[in-house]
Amino acid sequence: MQRISELKEIAFERNPFDGFLVFDSANLLYFTGLQGISALLVPRDGENTIFVYGVNYEQAKAGGKGFNVELIQRGENMTKRIAEKAVSCNIKRLALDSSDVKGWSSLARATRSRVRLRLKGELVAGLRRIKDKSELALMRKAAELTNVGMESAIAVLAPGVREYEVAAEIEYAMRRRGSGGTAFDTAVTSGPRSAFSHGGCTDREIQKGDLVVLDFGAVFENYRCDITRTLVAGKPTDKQKHIYELVKRAHQAAFETTKALVKAQAVDGVARRIIEDAGHGELFVHGLGHGVGLEVHEPPILNSTSTDVLAAGNVVTIEPGIYIPGFGGVRIEDTVLVEKDKAEKLTEAQYSL
């Protein structure tokens, strides 16, 4: 319940609210540790209430220690039930982490305008972007499983193997060691397709000499990891080696810049300048990285327009890349923990063509 206490401090002591309503699935998981929850109402005074439909009711009762669990019957209006609970808790100013227009209007009607609503998702985002010790332990395990997946990919990658076969071996290896699934759809792009920064995975047969970009991650107890390595199916050419070493240099420079109180935009700029100075700036087509946690894309964001400032406890990716149409692409990515005076790589797979 520590996270609920932190939410109450931010919402009720630092801000003028007397209730907080959580709808976002990742935020619900963050505060309750449970899957399948539909909503969570945290009042200044009164019990914290989970709202759940019948399909997940027994699981919520078993795992929702410290929460009042309310069953939403089939066909029942959940918004009305939430509104009734909010009014009974004497909530006058209710903050929400997320809402669409329909949901907002429905809640306003159900409270008969007796409750003032405000969208305040940034309050939860601020909590989630700083990982505590328990979260970091889970993310280290997710990284360990991700490293296992990369070892498997390196072992099986060869001319004649199809992209989806490499992906299957990666996922099988991680699952066998305890991964709860994949952090996102595993991407294996080869040959000219490696120039697609989000190329997915197809039945293309890897050819001798192809660049192959592997982008994937494991999940452990809902926490995610993200890694990318680029390999060659055979002996690399001079041009491949040149592009690879350039990306690797940009990656390392950005990593060495990463620490608390540094602007995320500045970290992106360090990597981007190295690539631009080599004449390939227009081929680095995405931001340097993003936060990782319960979701694979979270704040802070590391790109050329970011206003975020890194803080100790952030977990982010560093992933510069160069993508040459018709030739292929190179990306190198690690999941990194931001510390006070430095950063730590959680992913440890080898850097080698």
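Just checking, how many residues over segment 141-178 are closer than 15 Å to Asp210 by Cβ, crowded, with 19+ Cβ neighbours inside 10 Å and charged (D, E, K, R)?
Residues flagged as closer than 15 Å to Asp210 by Cβ, crowded, with 19+ Cβ neighbours inside 10 Å and charged (D, E, K, R) within segment 141-178 amount to 1.
Looking only at residues that are part of a loop (DSSP other than H, G, I, E, B) and among the hydrophobic types (A, V, I, L, M, F, W, C) in segment 302-316, which one is nearest to Asp132 (Cα to Cα)?
Just the residues of segment 302-316 that are part of a loop (DSSP other than H, G, I, E, B), to begin with: 303-308, 310-314.
Narrowing the set further to residues that are among the hydrophobic types (A, V, I, L, M, F, W, C) leaves 310-312.
Working: Leu310: 15, Ala311: 12, Ala312: 10 Å.
Across segment 302-316, the extreme among qualifying residues is Ala312.
Which residues, taken from segment 80-100, are of a type outside the set (Lys, Arg) and over 13 Å from Leu119 (Cβ atoms)?
Within segment 80-100, Ile82, Ala83, Glu84, Ala86, Val87, Ser88, Cys89, Asn90, Ile91 meet the criteria.
Which condition number does Phe284 fail, the rest of (1) more than 25 Å from Asn147 (Cβ to Cβ); (2) in contact (Cβ under 8 Å) with a residue 60 or more places away in the chain; (3) of a type in the set (Phe, Trp, Tyr) being met?
(2)
Pairs under 9 Å by beta carbon, first residue assigned by TED's automatic domain parsing to the domain that holds Arg140 in segment 330-346, partner of a type in the set (Phe, Trp, Tyr) and part of a strand (DSSP E or B), six or more apart or different chains?
Taking only residues 6 or more apart or on different chains, the pairs are Val330/Tyr323; Arg331/Tyr323.
For segment 179-192, how many residues meet the condition of being more than 19 Å from the chain's Cα centre (by Cα) and either surrounded by fewer than 16 Cβ atoms within 10 Å (Cβ to Cβ) or not aliphatic (A, V, I, L, M) (or both)?
Qualifying residue count, segment 179-192: 4.
Is one or more of the residues making up segment 118-127 within 27 Å of Val247 (Cβ to Cβ) and either of a type outside the set (Val, Ile, Thr) or not assigned by TED's automatic domain parsing to the domain that holds Asp334 (or both)?
Within segment 118-127 (the criterion being within 27 Å of Val247 (Cβ to Cβ) and either of a type outside the set (Val, Ile, Thr) or not assigned by TED's automatic domain parsing to the domain that holds Asp334 (or both)), the answer is no, since none of the residues qualifies.
If you check Val55 against the conditions, is it in contact (Cβ under 8 Å) with a residue 40 or more places away in the chain and aliphatic (A, V, I, L, M)? First the steps, then the outcome.
Numbers: in contact (Cβ under 8 Å) with a residue 40 or more places away in the chain: no; aliphatic (A, V, I, L, M): yes.
Taking the combined requirement at face value, the residue does not satisfy it.
Just checking, which of Thr335, Thr347 is polar (S, T, N, Q), within 24 Å of Leu211 (Cβ to Cβ) and out of contact with any Leu (no Cβ under 8 Å at 6 or more places or on another chain)?
Criteria check complete, one pass: Thr347.
Going residue by residue through segment 238-256, is there one that turns out to be farther than 25 Å from Ala153 by Cα, outside the structural domain of Leu34 (by TED's automatic domain parsing) and crowded, with 18+ Cβ neighbours inside 10 Å?
yes
What strands (runs of 3 or more DSSP E) lie completely within segment 1-62 and have 3 or more residues being within 26 Å of Arg74 (Cβ to Cβ)?
By residue number, 39-43, 49-53.
Working only within segment 210-251, note down all residues that are under 23 Å from Val292 (Cβ atoms) and basic (Lys, Arg).
Answer for segment 210-251, where residues must be under 23 Å from Val292 (Cβ atoms) and basic (Lys, Arg): Arg224, Arg229, Lys248.
Does Ala95 fit the bill of being over 17 Å from Pro299 (Cβ atoms), at pLDDT below 95 and surrounded by 17 or more Cβ atoms within 10 Å (Cβ to Cβ)?
No.
Scan segment 230-248 and report the pairs whose first residue is on the phi > 0 side of the Ramachandran plot and whose second residue is in a loop (DSSP other than H, G, I, E, B) and surrounded by fewer than 19 Cβ atoms within 10 Å (Cβ to Cβ), with Cβ atoms within less than 9 Å and a gap of 6+ or a chain change.
Every condition considered, the pairs that remain are Gly234/Ala158; Gly234/Pro159; Gly234/Gln207; Gly234/Lys208; Gly234/Gly209.
Pick from Gly313, Gly326, Gly293, Gly287: which is in contact with a Pro (Cβ under 7 Å, 6 or more places away or on another chain) and assigned by TED's automatic domain parsing to the domain that holds Glu144?
Details: Gly313 fails: in contact with a Pro (Cβ under 7 Å, 6 or more places away or on another chain); Gly293 fails: in contact with a Pro (Cβ under 7 Å, 6 or more places away or on another chain); Gly287 fails: in contact with a Pro (Cβ under 7 Å, 6 or more places away or on another chain).
Criteria check complete, one pass: Gly326.
Residues that are among the β-branched types (Val, Ile, Thr) and in contact (Cβ under 8 Å) with a residue 24 or more places away in the chain: list the helices (runs of 4 or more DSSP H) wholly contained in segment 102-177 that include at least 3 such residues.
Numbers: elements: 121-128, 133-156, 163-176.
Here the list reads 133-156.
Collect the residues in segment 317-353 that are small (Gly, Ala, Ser), assigned to a strand (DSSP E or B) and over 28 Å from Ala137 (Cα atoms), keeping them in residue-number order.
The answer is Gly321, Gly328, Gly329.
Could you run through segment 163-179 and say how many residues are touching a Cys at 6+ places or on another chain (Cβ under 9 Å) and not aliphatic (A, V, I, L, M)?
Total satisfying the criteria: 2.
Restricted to segment 193-207, and to residues that are crowded, with 20+ Cβ neighbours inside 10 Å and not small (Gly, Ala, Ser), which residue is nearest to Pro159 (Cα to Cα)?
Out of the qualifying residues, it is Ile206.
The values are calculated or read from the model by the stated rules, or taken from the named source; none is laboratory data. Values in this document were obtained by computation on a predicted structure and should not be read as measured data. Cβ: placed from backbone, ideal geometry, glycine included. Neighbour counts: every protein chain shown.
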